[in-house]
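The values are calculated or read from the model by the stated rules, or taken from the named source; none is laboratory data. Values in this document were obtained by computation on a predicted structure and should not be read as measured data. Note: ideal-geometry Cβ built from the backbone for every residue, glycine included; neighbour counts use all protein chains shown. Note: areas computed on protein heavy atoms with side chains; ligands, DNA, RNA excluded. Shrake-Rupley method; radii C 1.70, N 1.55, O 1.52, S 1.80 Å.
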Amino acid sequence: MADHLKTAKSDSERAEDDAKVRASVEQILQDIEARGDAAVRELSQKFDDYAPDSFRLSRDEIDALMAELSERELADIRFAQEQVRNFAQAQRDSMLDIEVETMPGVILGHRNIPVRSVGCYVPGGKFPMVASAHMSVATAAVAGVPRIVACTPPFKGRPNPAVIAAMHLGGAHEIHVLGGIQAVGAMAIGTESMDPVHMLVGPGNAFVAEAKRQLYGRVGIDLFAGPTETMVIADDTVDGEICATDLLGQAEHGYNSPAVMLTTSRRLAEDTLAEIERILKILPTADTARVSWEEYGEVIVCDDHDEMLRLANDIASEHVQVMTDRDDWYLENMHSYGALFLGPRTNVANGDKVIGTNHTLPTKKAGRYTGGLWVGKFLKTHSYQKVTTDAAATLIGEYGSRLCMLEGFVGHAEQCNVRVRRYGGVNVPYGEGAPHRDAAE
């Protein structure tokens with residue numbers, strides 16, 4: 001039976017936090033709806049102490065910010081985006097438009113059509129999330145989205161050059177230095193200075209995630225991507241240092257970033273707890289990571305791998321780092337998670353920044369019903385149908401007529417009947433289903 005060496009905040013405490021966030025977001029979105037740009041400006045001044053004449057950057061401003069970066073920094077951004085684009089393009093190439101003749105004279109098909117406009121939120125108030133621009137903006141560009149709007153908060157009172165460069169190089173058509181609920185609300189609702197988008201994507205803090213949740217339906221969203229989560233699944237093939245490093249590497253994201261360790265080794269669990277305390281004394285971001293670890297960190301010792309698998313699928317963490325003697329077994333049997341990172345040579349940071357898979361992933365158990373952001377999220381699969389012969393129109397119409405009458409839809413049936421009369425020469429009285437005729441007749 002699983003033994004919790006360290007526990008996190010209870011579900012009731014987390015629910016109370018969520019309720020406070022929900023009420024705050026609802027009020028702010030109503031304000032943006034009512035007052036548009038004026039509300040957005042006041043919110044930006046309040047939360048970010050930033051209210052320029054225009055939140056949208058001009059091309060000259062973008063060029064000036066990019067000029068602040070070194071050639072090495074720009075090359076690193078381009079390298080990362082190349083990896084993301086390459087994988088996104090491979091995914092896009094796997095999504096084929098189809099057209100099949102399912103029976104003589106009946107043609108069915110579907111087309112994958114890009115969303116017309118998307119708002120990409122790139123976090124950056126605490127840490128400038130350069131990589132998030134690759135994941136949303138560059139992936140949307142590969143999908144062929146014709147209007148890509150990108151928003152990011154100011155960093156230390158001004159636009160962050162690296163984030164702006166990543167947005168621009170990724171293919172953003174509009175770049176706004178605007179953060180938080182006000183950015184997400186402005187993109188979805190629209191204001192006097194910003195046309196609304198059809199879809200919102202990108203990670204963010206609890207307030208951004210809740211804003212996306214409340215706006216869903218008015219616009220599409222990629223998924224519920226709130227504060228980052230990480231899980232380490234390990235046995236005695238690894239040591240406490242690597243486990244502690246992988247847990248704290250994600251805990252530094254924010255004050256409410258869950259980090260969970262599952263292990264079959266009590267010794268490894270105890271060594272990891274000791275290593276966490278050692279690292280927190282020297283980690284420059286310890287002020288954040290310690291709060292996150294103390295309130296949201298967990299260490300669970302399990303009886304065997306089957307128990308670890310069961311708990312891992314139940315927790316459905318965003319990032320799952322697997323370091324065991326049977327990593328591929330977890331790949332075959334895990335079904336609820338954001339992304340898997342298999343083996344000690346692999347790590348979440350590479351997935352976040354450069355390796356090429358998308359780092360915008362489901363949190364809060366959403367991995368039970370959705371995967372992460374990928375090129376397919378920006379595409380809508382639309383079906384079509386075409387009947388090309390009189391015989392097919394008659395045969396399908398007869399079946400359709402009778403099935404409509406079975407449900408009581410007389411008007412529906414008449415749509416079928418008029419084709420049966422016109423293309424098959426069969427007299428079907430109004431308000432009746434077509435007579436049965438064997439397809440071979």
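Roughly how many whole Å is it from the C-alpha centroid of the stretch 124-194 to that of the stretch 367-441?
Measuring centre to centre over Cα atoms gives 45 Å.
What list of whole percents do you get for P(r) of the stretch 31-161, with Cα-Cα distances grouped in 10 Å bins up to the one holding the largest distance?
Result, from short to long distances: 10, 29, 30, 17, 8, 5, 1 percent.
Find the all-direction average of the projected area of the Cα convex hull for the stretch 275-429, expressing the result in square nanometres with one decimal place. Walk me through the numbers on the way to the answer.
Numbers: hull surface 67.4 nm².
Taking a quarter of the hull surface, the average projection is 16.9 nm².
Using a 10 angstrom cutoff on alpha carbons, build the Gaussian network for the chain and name the most mobile of Q182, Q250, Q89.
Q89
Would you look at the GNM of the chain, springs on alpha carbons closer than 10 Å, and say which of Y330, Y430, Y121 moves the most?
Highest fluctuation of the listed residues: Y430.
Accessible area of F409, 1.4 Å probe, to the nearest 10 Å²?
100 Å²
Taking Cα pairs under 8 Å and at least six residues apart, what relative contact order does the chain come out at, in percent?
On the way: 889 pairs, mean separation 79.5, N = 441.
Normalised by residue count, the contact order of the chain is 18 percent.
Return the long-range amide H neighbours of F155 (sequence gap of 5 or more, or a different chain), with a cut-off of under 5 Å between placed amide H atoms.
N160
Using 0.36 nm per residue, how much length does the chain from H412 to A286 gain when fully extended, once their Cα-Cα distance is taken away? It would help to have the intermediate numbers written out before the result.
Working: separation 126, 0.36 × 126 = 45.36 nm, distance 6.57 nm.
Extra length available between H412 and A286 comes to 38.8 nm.
Starting from the Cα of K212, draw a straight line to each of the aspartates and glutamates and keep only those under 13 Å, dropping any in the same chain fewer than 8 residues away.
Candidates past the 8-residue exclusion: E26, D222.
In whole angstrom, note down how far apart the Cα centers of the stretch 259-306 and the stretch 12-85 are.
32 Å
With springs only between Cα atoms under 10 Å apart, run a GNM on the chain and tell me which of A38, A259, A234 wobbles the most.
Result for the chain, Cα springs under 10 Å: A38 fluctuates most.
So what is log10(I(q)/I(0)) for the stretch 31-98 at q = 0.14, 0.20, 0.23 1/Å, when the Debye sum runs over its Cα atoms only?
-0.79, -0.86, -0.94
Given 25 °C and 0.890 mPa s, how large is the Stokes-Einstein diffusion coefficient of the stretch 288-369 in µm²/s, with Rh as the Kirkwood radius over Cα pairs? Walk me through the numbers on the way to the answer.
Numbers: Rh = 13.7 Å.
Estimated via Stokes-Einstein, D reaches 179 µm²/s.
Along Cα→Cβ, 7 Å out, is where each label goes; now give me the distance between the ones at D236 and Q89 in nm to one decimal.
A separation of 4.8 nm, rounded to one decimal place.
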